[in-house]
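The values are calculated or read from the model by the stated rules, or taken from the named source; none is laboratory data. Because the structure is predicted, anything quoted here is derived from the model rather than measured. Note that each Cβ is placed from the backbone with ideal geometry, even for glycine, and that neighbours are counted across all protein chains shown. Surface areas here come from the heavy atoms of the whole protein model, side chains and all, with no ligands, DNA or RNA. Shrake-Rupley method; radii C 1.70, N 1.55, O 1.52, S 1.80 Å.
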Amino acid sequence: MQISGAQMVIEALIAEEVEVIFGYPGGAIMNVYDAIYQQSSFQHVLTRHEQAAVHAAEGYAKASGKVGVAMITSGPGFTNAVTGIADAYMDSVPLVVISGQVPMSLIGTDAFQEIDAVGISRPCTKHNYLVTDAKDLPRILKEAFYLARTGRPGPVHVDIPKDVTAQVALFDYSKEVELETYKPTVKGNMRQIKKAVEAIANAKRPLLYLGGGVISSGAAQLVREFSKMTQIPAVETFMARGTLHHADPLLISMLGMHGSYAANMAMSETDLVIGLGARFDDRVTGKLSEFAKNAQIIHVDIDPASISKLVNAHFPIVGDVKNVVESMMMLAKDQVDPLRYGPWHNTIANFNKLHPLSYTEEGDRLKPQWVVQRIGELLGDDANISTDVGQHQMWTAQFYPFSRPRQWNSSGGLGTMGYGFPAAIGVKRADMDRISVNITGDGSILMNIQELMTAVEYNLPVINVILNNNFLGMVRQWQTMFYDKRHSSTDLSIQPDFVKLAESFGGVGYRVTTKEEFDAALKDAVEKNVVALIDVVVARFENVLPMVPAGGSLFNMMLEYKDK
Amino acid sequence: MEQARRVISVIVLNEASVLSRIAGLFSGRGYNIESLTVAPIPDSKYSRITIVTAGSIKVVEQIIKQLHKLIPVLKVYEHEDLVEKEMAMVKIPLSESLGDIEALAHAYNGRIVNVGSDTLIVMVADEPMRVGHFLEAIKRFHPKEIVRSGSVALER
């Protein structure tokens, strides 16, 4: 079939069974937008900023497990999208990002809206392409989707000059992807797996250390069974929230900088870490030389470069978590005695009793942790939860009762403020039957507030709950603790009227100062099923605790902070 | 940790921007490059890049894994037992003694390759350390310009 490059993009998206893309048009991508206009196979959601288009595609990808697609124009369209692309790279989110480029004849001339897009995206994509001939487009687009979803998933960027989208060439999408330089190892080495299971059988205090890879490989259910069968307790990283049900007795909690005391102590006391799809991030490990000092390490990861990068693995296993855990379970069934870890369970129960995650109520002032818990009580499993970045994000990770994988959606690696709202729009689009809640802060929400218009236009009713403390709270917290209370540029006392703001876009707004008002607002927003901003006035100086100060050891947590 | 000199060979698809992927990886992750050479492998769609770097065993392990992770990279070798050669050319004023220069170059597997109206060019090809020695020795002939090729290496 002889068609234009622009039509090839459409045909490729159809062949990949794409049902929605998020984007923003502009000069260099107009040929493709013209082809989008003339098709009805997939929906195009016009976000109000290119960064939001990529975050929405990320939210969609994380909630659905499919590859998210974003489309933008050249120059500023592309540079606006870079934050989203980098975010997806850090959190291994499968995306295909298609950008327009100035015509081939103008590349290198500093043309209008020209930027070296592949030069910029190179360090923050899994792979990228500059398409120089339309005849390469079918192969490149097919490779892009294949690379995005296989191995360690990630964003793939395809930059297409305007004349290439106009050029007519043969479209054949039937050829299988052939990449002799790219063959991810998905099946773990059986000898290593055998050794690892032997180590598990001999361990006294083994601990499952679950990372985001468990969720992206679709292994959460299997890991639940593995943990239950062997009775090995588990800690989750920030990215892995929802892998185990919050009420699972074997789930300790989240570990790391704002993890629970019990989770961090368990990591410090364990004699065998079973790392699954986790990458020993500095926010998890604290001081490396003190991390899991008493333990041998099993590390299962699809990315060989993640293994022994920071913490030396005694049992490195390259492979897909799902395959490897399957093999482990077959061996563990006969080899691992689930009754042998009784004393270890008691130790952990004591840690939990000693310092459970908690906060103190103070009269009538709303505590942000209460708000998170309350959303959990009222919506629980019916909601998908996104967040922005900061204190509210940590409180949500700590206190929300997650019950399933892909319920939780937040910017972990890059820590992108402004992520939450557009991502929650993508989540809603992927899972229309559930309520999409974005728990956010008064700082973060303003970083992509224009997406109110997108959510209203496409009837994607996201409920934004703003934990409003009139501060850039996390930075304020560090300034209070480590910078002698010099609150440099973190006071956000001057604010918009969030109620009017929501209304002016056609959404609904609430300002809430009491528990009763909060309940009423959330119920009303859910009932009305419209885009909402719930502006919750919370205790201003609340800190996220416990905390491992940067560079500190996990077992040396700051459990409370007394204002001097 | 012990910082040792390492020679790494990378076999890559010979396609646009592959070199910037490699170079970008080194700069982006803070690895250092002492020298880098690249040329196509005859009768194939691949190129061979030879990189001389320095780092601890752990760092070099990471470099190799990160290189492998790049999509157009086919193979990465870290050389243990290798034959390594480098080429250098030096431009020298014609006022110096041709015979002495020729004799010196000869000791380092080289010779005078060009004689112009007021300068000559001498080249040597030898192990990188010996090339360094040659460049020390040639100093007394007042070299005007020096160019080194960077290392190429083959496993024994």
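Quick look at the numbers
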read-out: Farthest toward positive dipole pole in the stretch A:38-136 [+1 Lys/Arg, -1 Asp/Glu at C-beta], among A:S40, A:P76, A:G108; value: A:S40
read-out: Pair-distance profile P(r), taking every C-alpha pair of the stretch A:368-537, with 10 angstrom steps and integer %; value: 11, 43, 36, 10, 1
read-out: At R0 = 60 Å, FRET efficiency that the Cβ-Cβ distance of B:I41 and A:K523 yields, to 0.05; value: 0.30
read-out: Test item: B:61-74 mean partner chain Cβ contacts at 10 Å; value: 4
read-out: Antiparallel content of DSSP bridges confined to chain A, in %, to 5; value: 10
read-out: Test item: B:125-135 mean partner chain Cβ contacts at 10 Å; value: 0
read-out: Shielding by other protein chains, A:305-317, mean Cβ within 10 Å; value: 2
read-out: Computed log₁₀ I(q)/I(0) - Debye formula, equal Cα scatterers, no solvent, chain A, q 0.07, 0.11 Å⁻¹; value: -0.42, -1.01
read-out: Per-pair calculated FRET efficiency, R0 = 35 Å: A:E17 and A:M453 via Cβ, rounded to 0.05; value: 0.80
read-out: Length gained when the stretch A:T513-A:N312 is fully extended (0.36 nm per residue, less Cα-Cα span); value: 67.4 nm
read-out: Projected label distance in nm at B:E80 and A:R404, using a 7 Å step from Cα toward the beta-carbon; value: 5.2
read-out: Distance between modelled label sites at A:M190 and A:E361, nm, 7 Å Cα→Cβ extension; value: 5.9
read-out: Convex hull per residue volume in Å³, alpha carbons only, for the stretch A:190-354; value: 95
read-out: Contour minus Cα-Cα distance for A:V168 and A:R340 (0.36 nm per residue); value: 55.1 nm
read-out: For peptides A:414-427, A:41-54, A:58-71, A:522-535, sequence by mean Cβ density within 10 Å, most packed first; value: A:414-427, A:58-71, A:41-54, A:522-535
read-out: Under 16 Å from the Cα of A:K485 - aspartates and glutamates, other chains or at least 8 residues apart; value: A:E542, A:D563
read-out: Residues of chain A: accessible area per residue with a 1.4 Å probe, Å²; value: 38
read-out: Distance (nanometres) between label positions extended 7 Å along Cα→Cβ at B:E136 and B:A16; value: 4.7
read-out: Heavy atoms of B:H68: accessible area, 1.4 Å probe, square angstrom to 10; value: 90
read-out: Share of pairwise Cα separations in the stretch A:2-170, more than 30 Å, in percent; value: 6
read-out: Förster radius 35 Å - calculated FRET efficiency between B:V115 and B:E2 (Cβ-Cβ, nearest 0.05); value: 0.15
read-out: Highest average packing first - A:137-143, A:286-292, B:78-84, A:445-451, Cβ atoms within 10 Å; value: A:445-451, A:137-143, A:286-292, B:78-84
read-out: Protein accessible area in the protein assembly as shown, 1.4 Å probe - carbon and sulfur %; value: 53
read-out: Between 0 and 90°, nearest 10: helix B:128-137 axis offset from chain B longest Cα axis; value: 30
read-out: Value of Rg/Rh across chain B [Cα atoms, Kirkwood radius]; value: 1.06
read-out: Kirkwood-Stokes translational diffusion coefficient of the stretch A:321-423, alpha-carbon pairs, 10 °C, 1.306 mPa s, µm²/s; value: 93
read-out: Rounded to 10°, Cα long-axis angle of helix B:18-28 versus longest principal axis of chain B; value: 80
read-out: Residue-span extension gain [A:A247 to A:K175] - 0.36 nm each, minus C-alpha spacing; value: 21.2 nm
read-out: Segments A:116-126, A:356-366, B:129-139 sorted - mean Cβ within 10 Å per residue, highest first; value: A:116-126, B:129-139, A:356-366
read-out: nm² value of the averaged projected area, convex hull over the Cα atoms of the stretch A:439-502; value: 4.6
read-out: For the pair B and A, total buried accessible area rounded to nearest 100 Å², probe 1.4 Å; value: 1400
